[in-house]
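Here's the structure, in structure tokens; my notes come after.
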Amino acid sequence: MTRKSALILTLAVALGGCSKKDEQTSAQDEEWPKHGLSEAQANEVLVTIGDRTITVGEFADRLASQSPYLQSRFESPERRREFLDNLVRFELLVYEAKRRGYAEKPEIQRARRTAMTQQLIKKEVDAKVKLAEITDEEIQTVYDANPHEFDRPAQVRASDILVKDRAEAEKVLAEARKSDINQFRKLAREKSENEANSRDGGDLQFFAADAEGHPPKAVRDAAFTLKRVGEVFPNLIKTPEGYHIVMLTGKRAALKRTYEQAKRAIRHKLAREKKEAAMEALLDRLRKDIEVEIDYDALADVRVDIPGPAKER
């Protein structure tokens, strides 16, 4: 391992741990032995950098908090010494950054607040929702109540050019039949009179043969006769809106997932929903305990200056 890559690895480990004395767990609150260390051994000072000390226990905690893969990198005494040396280099940079006042910079304070909220969420939300605690009964209920999510008919995706004048539509059809997908979309942006989707190259998204509403039934029927992505329906399609030229741009086979096939996805979905509910419950509790005042009138004074090209998009 090069010195640079070792330092990068150490930075990742160090940033995952504590960096201030007031964030370290008191030795009196620990159960001993821990990491094979007695309490006295854990409290030994391993490194002193200015007013910053790293104890043997903190060093062991940092190693133990990493994934098994990272821990295996430091099994030998030589590698642990290398880790320690790079940790010292990291702490030197921290010391100098603090000395120069970086700790008080707004972006650093924002990052610190973000890290604190992440820890709070981890404890008050994530830790309270366990995948293993979601029951088969809950999963079965979701599966039975939402058949449309697990039993989907075949779908196609198409792009559509709408032209109201037949003679003009014939010309566009002739050009479209010589086009690939990108050229067809460009043609739709230039020629289509459907303001709803001409900017998107006439994209109709995915739809089923029996979908209600948009696109019109005649367009759906024509799209489902096409076999090859990039194929254009050979004739104009007449609807009350005008004449449609349609290209097939995508296909999805019918999907029917059994309970066992859907079980894992439902479990994760339920976990997300439970976490969202736990988060809202936490916020509701905080709103009751902490006074919040918002001046929405002042919000009107805020302006966002969007650069020209981005604004045009």
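Quick notes on this one:
- Checking the Cα-Cα distances for LYS98/LYS123; LYS123/LYS275; LYS164/LYS227; LYS171/LYS227; LYS171/LYS251 against a 19 Å cut-off, the pairs over it are LYS98/LYS123; LYS164/LYS227; LYS171/LYS227; LYS171/LYS251.
- Relative contact order for the chain, counting Cα pairs under 8 Å that sit 6 or more residues apart, in percent: 17
- Theoretical gain in end-to-end length, GLU273 to VAL45 [0.36 nm per residue, Cα-Cα removed]: 77.5 nm
- Given charges at Cβ of Lys, Arg, Asp, Glu: the chain dipole, positive-most of ALA169, ALA300, LEU283: ALA169
- Cβ-derived FRET efficiency at R0 51 Å, GLU170 paired with THR135, nearest 0.05: 0.25
- Euclidean distance of C-alpha centroids, region 236-313 and region 121-179, integer Å: 13
- With a simple spin-label model that places each label point 7 Å from the Cα along the Cα-to-Cβ direction, the separation between ASP284 and ARG177 comes to 6.3 nm.
- Our helix-only sum for the chain, with -39,500 (n - 2.57) per DSSP H run of n ≥ 4 divided by its residues, gives a mean residue ellipticity at 222 nm of -15500 deg cm²/dmol.
- The convex hull of the Cα atoms of the chain, projected and averaged over all directions, covers 28.1 nm².
- Mean Cβ count within 10 Å, highest first, over the residues of peptides 180-193, 247-260: 180-193, 247-260
- Test item: Cα-centred dipole of the chain, Lys/Arg +1 and Asp/Glu -1 on Cβ, debye: 1380
- Using alpha-carbon coordinates, inclination of helix 136-145 to the longest axis of the chain, degrees: 20
- Helix 77-99 axis, angle to the chain major axis (alpha carbon atoms, nearest 10°): 80
- Taking Cα atoms only, the orientation of helix 166-176 departs from the longest principal axis of the chain by about 50 degrees.
- Residues of region 268-311 falling in the label zone of LYS128, defined by backbone nitrogen less than 13 Å from a point 7 Å along Cα to beta-carbon, are 274-287.
- Computed from backbone phi with θ = phi - 60° and the Karplus coefficients 6.51, -1.76 and 1.60, the 3J(HN,Hα) list for region 37-54 is 10, 7, 4, 5, 5, 5, 7, 5, 7, 8, 9, 10, 10, x, 9, 9, 10, 10 Hz; x is used for glycine and proline.
- Cα-centre dipole for region 126-247 with unit charges at Cβ (Lys and Arg positive, Asp and Glu negative), debye to 20: 900
- Between THR117 and ARG264, residue separation times 0.36 nm minus the direct Cα-Cα distance comes to 50.0 nm.
Each reported figure results from applying straightforward, stated rules to the coordinates on display, with no laboratory input. Keep in mind that what you see is a predicted model, and the values were worked out from it rather than measured. Here the Cβ is made from the backbone with ideal geometry for all residues, glycine too, and neighbour counts use every protein chain on show.
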